[in-house]
Amino acid sequence: PRAVRSIYGLKGRNGRKPLAICLGDVEHIYRYCHVNVPDELLRDLLPGPVTLVLKRSEELNKDLNPFTSLVGVRVPNHPFIRELARACSGPLALTSANISSQASTLTVSEFQDLWPQLSLVIDGGPIGDVQSPECRLGSTVVDLSVSGKYTVIRPGCALQSTVEILRQKYGLVPGSS
């Protein structure tokens, strides 16, 4: 609980805005979420720049987003982050390394102003093309918690390819935003 509060305080983030979780591998999603889509769909989107919102399982720490029955889950396509997540016994609370409402950072030097407030900073390399404006949009966030439907919560950097997969390959229809 203290770590979660620290993240919100450090970012100046609204306490009702949920944190996502980061996992090292797609198969770990089943431990922390109730999955109601085909495994192949998960593997078509992850690892990648997509956050999938699913119903949380009882296995997830109750102090993380206690105000919602849903949780966003990411399996990034960054080798260092995935190895770090695999090395941990549970999911990592995930958020961008910036003050809320500021542009996403892609390198550790871009959030130097936060370093004094952090216990540890590890440079695992850039998490995207620093020259690409799309990389700064963050992940595409899609709610898949309602069977047969998807709802885009944040367009992010992979909207077109994500929606194409959901609609054309899996026949999901847009839900209400």
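The values are calculated or read from the model by the stated rules, or taken from the named source; none is laboratory data. Fair warning: this is a prediction, and the values are worked out from it, not measured in the lab. As a convention, Cβ positions derive from the backbone with ideal geometry for all residues, glycine included, and neighbour counts pool all protein chains shown. What goes into the accessible areas is simple: the full protein's heavy atoms, side chains included, and nothing from ligands, DNA or RNA. Shrake-Rupley method; radii C 1.70, N 1.55, O 1.52, S 1.80 Å.
Considering PRO126, PRO155, PRO116, the condition of being free of Cβ contacts under 8 Å to residues at least 12 places away in the same chain and either surrounded by 13 or more Cβ atoms within 10 Å (Cβ to Cβ) or not β-branched (Val, Ile, Thr) (or both) is satisfied by PRO116 alone. Do the conditions hold for VAL141, that is, is it part of a strand (DSSP E or B) and surrounded by 18 or more Cβ atoms within 10 Å (Cβ to Cβ)? For VAL141, the condition - part of a strand (DSSP E or B) and surrounded by 18 or more Cβ atoms within 10 Å (Cβ to Cβ) - is met.
On the given criteria, is GLY124 of a type outside the set (A, V, I, L, M, F, W, C) and out of contact with any strand residue (DSSP E or B) (no Cβ under 7 Å at 6 or more places or on another chain)? Against the criterion (of a type outside the set (A, V, I, L, M, F, W, C) and out of contact with any strand residue (DSSP E or B) (no Cβ under 7 Å at 6 or more places or on another chain)), GLY124 qualifies. For the list (1) out of contact with any helix residue (DSSP H, G or I) (no Cβ under 7 Å at 6 or more places or on another chain); (2) modelled with pLDDT of 90 or more; (3) surrounded by 13 or more Cβ atoms within 10 Å (Cβ to Cβ); (4) not in a loop (DSSP other than H, G, I, E, B), I need the number of the one condition that THR162 fails. Looking at each condition in turn, THR162 falls short on (1).
State whether one or more residues within segment 58-65 are in contact with a helix residue (DSSP H, G or I) (Cβ under 7 Å, 6 or more places away or on another chain) and either under 25 Å from GLN160 (Cβ atoms) or of a type in the set (D, E, K, R) (or both). Yes, segment 58-65 contains a residue that is in contact with a helix residue (DSSP H, G or I) (Cβ under 7 Å, 6 or more places away or on another chain) and either under 25 Å from GLN160 (Cβ atoms) or of a type in the set (D, E, K, R) (or both). Within segment 97-126, the residues that satisfy the criterion of being at pLDDT below 80 and more than 13 Å from GLY156 (Cα to Cα) are ALA97, ASN98, ILE99, SER100, SER101, GLN102.
A quick yes/no check of all residues on (1) surrounded by 21 or more Cβ atoms within 10 Å (Cβ to Cβ); (2) under 25 Å from ARG136 (Cα atoms):
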{"position": "ALA3", "(1), (2)": "no, no"}
{"position": "LEU10", "(1), (2)": "no, yes"}
{"position": "ASP44", "(1), (2)": "no, yes"}
{"position": "VAL53", "(1), (2)": "yes, yes"}
{"position": "SER57", "(1), (2)": "no, no"}
{"position": "VAL71", "(1), (2)": "yes, yes"}
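Does LEU94 fit the bill of being under 22 Å from LEU120 (Cα atoms) and open to solvent by less than 40 Å² (accessible area, probe 1.4 Å)? Before you say what the answer is, go through the steps one by one.
Working: under 22 Å from LEU120 (Cα atoms): yes; open to solvent by less than 40 Å² (accessible area, probe 1.4 Å): no.
Considered against the rule, which asks whether it is under 22 Å from LEU120 (Cα atoms) and open to solvent by less than 40 Å² (accessible area, probe 1.4 Å), LEU94 comes out as no.
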